[in-house]
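S.K.: First, the structure itself, so that you have it in front of you.
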Amino acid sequence: MESLSARPSPSQDAGDFATLLRERGLYPQVPASVAHASVGSMTPDAQTQATTILAFKFAGGVIMAGDRRATAGNSIVYDRADKVLEIDSHSLMAIAGVPATAWEMARVLEHSFQFYRRSQLQEMSLEGKVRALSKLLRDNLSFVLQGVGVVVPLFAAYDPAADAARLYFYDAMGAQFEVTDFAASGSGSPAVRSVLYYENTWGGKPLTKLREAEAVVLALRALDTAAENDTATGGVDRRGKVYPIIKIISAAGIRTLAEKDLARVFKQKVT
């Protein structure tokens, strides 16, 4: 029997479970034909990642936005990914992380909210919706610990009791935190948070006092700034005319801003 001392010890910076398996020679070997078919620097086992997302409160509710780029390793695999998803008529979820896992979570939430509404003849409470997403993230923890399936979402919903839209962000383990002013997630989030913090603290007015037109301009500027600092963030594709997804949630429900309107605002106020 092989002694414990004879086994190779994992490196101190293994990083994830897949790396540990590779070091121990237990990771499945990729056929040469598949390896040669890899695109650029994207390895066959590279996960697709989606970033960057942001949300903040303004005078008319909560605005939520996300760039459109999806990457795998250093390769761009898609430039029209939808990262801001409508769960029901008064709930929004923005995704950063692995789209396959996040989209499945969104589908489960949508069906859960719908089942509750039809079986109980009333809407699920905001607290129930927030905890439902938290549970999905906790149930995904085993994959997170293996270095796959990581999702770090934002969630916004209208609260009839408070007559206001409320905003939450989560960590990968399911902990939820209510946001006072703004939140961002994904690889471009440090730049986004810097922009939103500056505008909220030293701008002409706090974020919660912004009109809708001003909020849209700020969201576009923040994502475009993130794209200049993070290759995984798409920002605004000026040549391809691909603009971020921007949705607004308020007492009236959810509204998606048309791409032609975003193009006009970007041309007049951002470039």
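What follows is calculated from the coordinates using simple rules that are stated; it is not laboratory data. Being a predicted model, the structure only gives us computed values, none of them experimental. Heads up, the Cβs are rebuilt from the backbone with ideal geometry, glycines too, and the neighbour counts pull from every protein chain shown.
S.K.: Distance from the Cα centre of region 161-192 to that of region 57-94, in angstrom?
M.R.: Here the two parts' Cα centres lie 13 Å apart.
S.K.: Please compare each pair in 205/267; 241/267; 241/269; 57/247; 57/135 to a cut-off of 18 Å on the Cα-Cα distance and tell me which ones are over it.
M.R.: 205/267; 57/135
S.K.: Taking θ as phi - 60°, what are the ³J(HN,Hα) couplings along region 260-265 by the Karplus curve (6.51, -1.76, 1.60), each to the nearest whole Hz, with x for Gly and Pro?
M.R.: 5, 5, 5, 4, 5, 5
S.K.: With θ set to phi - 60°, apply the Karplus curve 6.51 cos²θ - 1.76 cosθ + 1.60 along region 120-133 and write out the HN-Hα couplings as whole Hz, x wherever there is a Gly or Pro.
M.R.: For region 120-133, the Karplus-derived couplings read 9, 6, 6, 6, 5, 5, 4, 4, x, 5, 5, 6, 4, 5 Hz, x marking Gly and Pro.
S.K.: From the Cα gyration tensor of region 176-271, with a ≥ b ≥ c the square roots of its eigenvalues, which class applies: rounded if a/c is under 1.5, or else prolate if a/b is larger than b/c, or else oblate?
M.R.: It is rounded, given that a/c, with a ≥ b ≥ c, falls under 1.5.
S.K.: Quick one: net charge around residue 253, please, counting Lys, Arg +1 and Asp, Glu -1 for every other residue with C-beta under 10 Å from its C-beta.
M.R.: With Lys, Arg at +1 and Asp, Glu at -1, the neighbours total -1.
S.K.: Sticking with this structure for a sec: Extension gain residue 125-residue 271, at 0.36 nm per residue separation less the Cα-Cα distance, in nm?
M.R.: Length gained between residue 125 and residue 271: 48.4 nm.
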